[in-house]
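The values are calculated or read from the model by the stated rules, or taken from the named source; none is laboratory data. It should be emphasised that the depicted structure is a prediction, and the values quoted were computed from it without experimental measurement. Methodologically, a virtual Cβ is constructed for each residue, glycine included, from the backbone with ideal geometry; neighbour enumeration extends over all protein chains shown. Surface areas here come from the heavy atoms of the whole protein model, side chains and all, with no ligands, DNA or RNA. Shrake-Rupley method; radii C 1.70, N 1.55, O 1.52, S 1.80 Å.
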Amino acid sequence: MPNTDKTALLRPSPEVVSMIERLIAFPTVSRDSNLGMIEWIRDYLAGMGVSSRLTYDATGKKANLFATLGKGSKPGLILSGHTDVVPVEGQAWDTDPFKATIKDGLVYGRGAADMKSFIATALALTPKFLAADLDMPLHFAFSYDEEVGCIGVQGLIKDLQELGLKPAGCIVGEPTSMQPIIAHKGIHRFRCCVTGREAHSSYTNMGVNAIEYAARIIAYIRHMADRFAQLETRDYGFTVPYTTMQTGLIRGGLASNIVPKECIFEFEARTMPGSDAGRLYKEVQDFAANLLPEMRQVEPNAQIAFEWLASAPGLNTKEHEAITQLAASLSRINTTGSVSYGTEAGLFQLAGIPTIVCGPGSIEQAHRPNEFVALEQVAQCEAFMLRLLDPMPTAF
């Protein structure tokens, strides 16, 4: 078997760069369909004799893709990535965000870091994976709607469970500068709709001001956030070492001289691994319930309704686990880390699949104008995946 130690490689292969360019060209913004990219990947793999399982959303306009390379007797390893990207509107891009631009050792384009370079590397190396006599199968798991709440991957994991597949591990290729990440926070998004009563602003006592009651709930959410910041047990592996809460969107009212009938706001919690998001959600609901009697003295039909929009659990993998040791071996980086952003990794772990996060690029570039990934980072990712051609540790 050829030497696959590519630690000195500073640039990725032309095949990997070409694949990155191809994938960036698909404008897979979460609000739109990802089928162009998914179906292209399906056809690309089919051309090499690899079949894919597509799982569609309710509209039929988005899909996950799951494919298996090789037929080794071992459970196998998942290489996982999301196909959707965030919007570009309102951002000052210097280049076409959906046309990869290579300059000064960097690849610019939406999704270059988050996270099409990882997917592209896996796809470009597929011929080598197939040609090798792997002692375990490799699985590709590419999802939709990660950016809006890790939605698609939940159906993909359900598929694996229904098929009776339980891979030995999963590597989620979010941008980590190729450092193995073993812990991240959970992310939970909620919506609250406050319904009061309209009135002329000169007769405020005849109305129930939905914005003001919403503001009281928002202020309580901030109070909870301050409490976590002051009292929650710290984990200094995270940049922000405690649970956070914040309100990110609010709308309500028609005019400044009308007591507003309705106000809707959305808030989120970024919880430490193992924290109970349901408990903090209930605390907000209980606070709001105490406001209702006061509101209903004026408007009997006043309401405060909550909706849990999306949720992804935190990741908490241990240093001694086989997946951590494998990632260290593949990356040649022996130090692990924790991150404050969320990924699909916690959902794989919740399903009983040992998981870490490791991929090219920096999260600091994600979601920003002129998003980029360094070619050197992609080269490290390629070397990482080429080492999968070497004999795997016994645990795998």
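Here are some notes:
- Residue satisfying all of: in the range 247-301; under 25 Å from the mean Cα position of the chain (by Cα) and polar (S, T, N, Q); nearest to Arg191 (Cα to Cα) among these: Thr247
- Residue selected from the range 149-207 under the condition at pLDDT 95 or above and of a type in the set (Asp, Glu), by the criterion most open to solvent (accessible area, probe 1.4 Å): Glu198
- Contacts under 6 angstrom Cβ, first residue in the range 230-252 being closer than 24 Å to Ile218 by Cα, partner in a strand (DSSP E or B) and aliphatic (A, V, I, L, M), 6 or more apart: Met245/Ala269; Arg251/Ile264
- For Ile323, the conditions (1) outside any loop (DSSP other than H, G, I, E, B); (2) open to solvent by 20 Å² or more (accessible area, probe 1.4 Å) are fulfilled apart from (2).
- The numbered conditions (1) out of contact with any Cys (no Cβ under 6 Å at 6 or more places or on another chain); (2) more than 25 Å from Glu382 (Cα to Cα) are all true for Val357 except (2).
- Summed over the range 86-108, residues that are surrounded by fewer than 12 Cβ atoms within 10 Å (Cβ to Cβ) and charged (D, E, K, R) total 4.
- With respect to the conditions (1) out of contact with any Cys (no Cβ under 8 Å at 6 or more places or on another chain); (2) of a type in the set (Phe, Trp, Tyr); (3) within 15 Å of Glu266 (Cα to Cα), Phe228 falls short on a single one, namely (3).
- Within the range 234-272, the residues that satisfy the criterion of being of a type outside the set (S, T, N, Q), part of a loop (DSSP other than H, G, I, E, B) and out of contact with any helix residue (DSSP H, G or I) (no Cβ under 8 Å at 6 or more places or on another chain) are Arg234, Asp235, Tyr236, Gly237, Phe238, Val240, Pro241, Leu254, Ala255, Met272.
- Residues (open to solvent by less than 30 Å² (accessible area, probe 1.4 Å) and at pLDDT 95 or above) located in the range 236-263: Thr243, Met245, Val259, Pro260, Cys263
- The strands (runs of 3 or more DSSP E) found entirely in the range 65-135 that carry 1 or more residues being within 22 Å of the chain's Cα centre (by Cα) are 77-82, 106-108.
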